[in-house]
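Remarks on the structure that follows.
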Amino acid sequence: MVGILLNWGGAAAGTVVNLPAPSLKGRMSVEEALQTRRTIRRFGHRALSLAQLSQLLWAADGVTDPKRGYRSAPSAGALYPLDLYVAVGERSVADLPPGVYHYLPDQQGLELITPGDIRKELAKAALYQSWMAEAPIMVVITGAYARCTRKYGERGVLYTHIEVGHVGQNLFLQAEALGLGAGIVGAFENQEVSQIMNLPTAQEPFLIMPIGYKH
Ligand SMILES: Cc1cc2nc3c(=O)[nH]c(=O)nc-3n(C[C@H](O)[C@H](O)[C@H](O)COP(=O)(O)O)c2cc1C
């Protein structure tokens, strides 16, 4: 099913939400965003809009050249080993029920993987960093090494990790430019996070980035 569903009434896994088109104009320069960026660990309870969520995901690793399929973050051999998932909390994004969503860059959409608010479980899996659960959303950057090691062998592991850093910084800077703040969490139990999020076995979780209004 495709389309923005305003009244979900228990949407099923596999439902796809089209996100608003991202904007190519912002209110803050890249220099200002670099200067003000900090890891944020206190968030306000204000919900994000679907447009803000769309903008964040597009900036993180969205398609910027549809003809060639190139994205906002560079990727060794343009193999794109990473995937983005979003844990959306209760009343956290306008018109989007809580759940785990998979970002679909080619169609600027979100596929619902599992309904329900898992923020507290993710915070627990991240060595009980409870501040994380106060953020309306958490973007989880995952990846499948095989997409990269198939061509580059062991070096593909390094390349995959480097790409995570690019995507993470894109998210940080876009959050700042939108007047939001992002945190970054690498301290978590991989297996627990994979289980909570129901990730495919080939997908490794790399980073969790809680994002919202700064408190
Ligand atoms: C790979 C990585 C993992 C991190 N993991 C955590 C974490 O688990 N919890 C946390 O509070 N901060 C985490 N941080 C944030 C750092 O503590 C933070 O970047 C550093 O203190 C510098 O502060 P700044 O980001 O505000 O410049 C992590 C940063 C990186 C790059």
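What does the charge count around residue 44 come to, taking other residues whose C-beta lies under 11 Å from its C-beta (Lys +1, Arg +1, Asp -1, Glu -1)? Residues near residue 44 contribute +2 overall. Note on the chain: helix-only mean residue ellipticity at 222 nm, from DSSP H runs of 4+ residues weighted -39500 (n - 2.57) and normalised by residue number, equals -9000 deg cm²/dmol.
When a/c reaches 1.5 or more, the comparison of a/b and b/c decides; with that in mind, is segment 8-105 rounded, prolate or oblate per its Cα gyration tensor? Oblate is the answer for segment 8-105, as a/c is 1.5 or above yet b/c matches or exceeds a/b.
Under the simplified labelling scheme, the residue 29-residue 158 pair shows an inter-label distance of 3.6 nm, with each label point 7 Å from Cα along Cα→Cβ. Cross-link pairs exceeding 26 Å between alpha carbons, from the set 120/214; 120/151; 67/151: 120/151. Apply the a/c threshold of 1.5 to the C-alpha gyration tensor of segment 138-215 and tell me whether it is rounded, prolate or oblate. Here segment 138-215 falls in the oblate category. Summing charges over neighbours of residue 167, with a neighbour being any other residue whose Cβ is under 12 Å away from its Cβ, gives -2 when K and R count +1 and D and E count -1. Report, in debye and to the nearest 20, how large the dipole of the chain comes out about its Cα centre when Lys and Arg carry +1 and Asp and Glu carry -1 on their Cβ. Using Cβ point charges on Lys, Arg, Asp and Glu, the chain gives about 380 debye.
What would the Debye formula give as log10 I(q)/I(0) at q = 0.07, 0.13, 0.17, 0.19 Å⁻¹ for the alpha-carbon point model of the chain, no solvent? Listed by q, the Debye log ratios stand at -0.19, -0.69, -1.24, -1.56. Among 181, 99, 14, the largest mean-square fluctuation in a Gaussian network model of the chain, built with springs joining Cα atoms closer than 10 Å, belongs to 14. Comparing mean-square fluctuations of 51, 59, 73 from a GNM of the chain with C-alpha springs under 10 Å, the top value falls on 51. Using only the Cα atoms of segment 74-114, build the gyration tensor, take square roots of its eigenvalues as a ≥ b ≥ c, and label the shape rounded, prolate or oblate: rounded if a/c is under 1.5, else prolate if a/b is larger than b/c, else oblate. Judged from the Cα gyration tensor, segment 74-114 comes out prolate (a/c at least 1.5, a/b above b/c).
Connecting C-alpha atoms closer than 10 Å in a GNM of the chain, tell me which of 146, 182, 135 has the biggest fluctuation. Judging by the Gaussian network model, the answer is 146. In order along segment 69-80, the phi-based Karplus estimate (6.51 cos²θ - 1.76 cosθ + 1.60, θ = phi - 60°) of 3J(HN,Hα) comes to x, 7, 10, 5, 9, x, 8, 4, x, 6, 8, 6 Hz; Gly and Pro are listed as x. Listed by Cβ neighbour count within 10 Å, with the fewest neighbours leading, 199, 171 appear as 199, 171.
Reported to the nearest whole Å, the Cα centre-to-centre distance from segment 188-202 to segment 135-166 is 15.
Which residues does a label at residue 46 reach in segment 87-103, if reach means a backbone N under 20 Å from a point 7 Å past the Cα toward the Cβ? Backbone N within reach: 88-96. In the chain, Cα pairs under 8 Å separated by at least six residues give a relative contact order of 27 percent. Karplus-based coupling profile of segment 120-135, in residue order and whole Hz: 5, 5, 5, 4, 5, 5, 9, 6, 6, 7, 5, 4, 4, 6, 7, 6, with θ = phi - 60° in 6.51 cos²θ - 1.76 cosθ + 1.60 and x standing for Gly or Pro.
FYI, it's all coordinate maths here, none of it is from the lab. None of the values given here were measured: they were computed from a predicted structure. All Cβ positions, glycine included, derive from the backbone under ideal geometry; neighbour counts span all protein chains shown.
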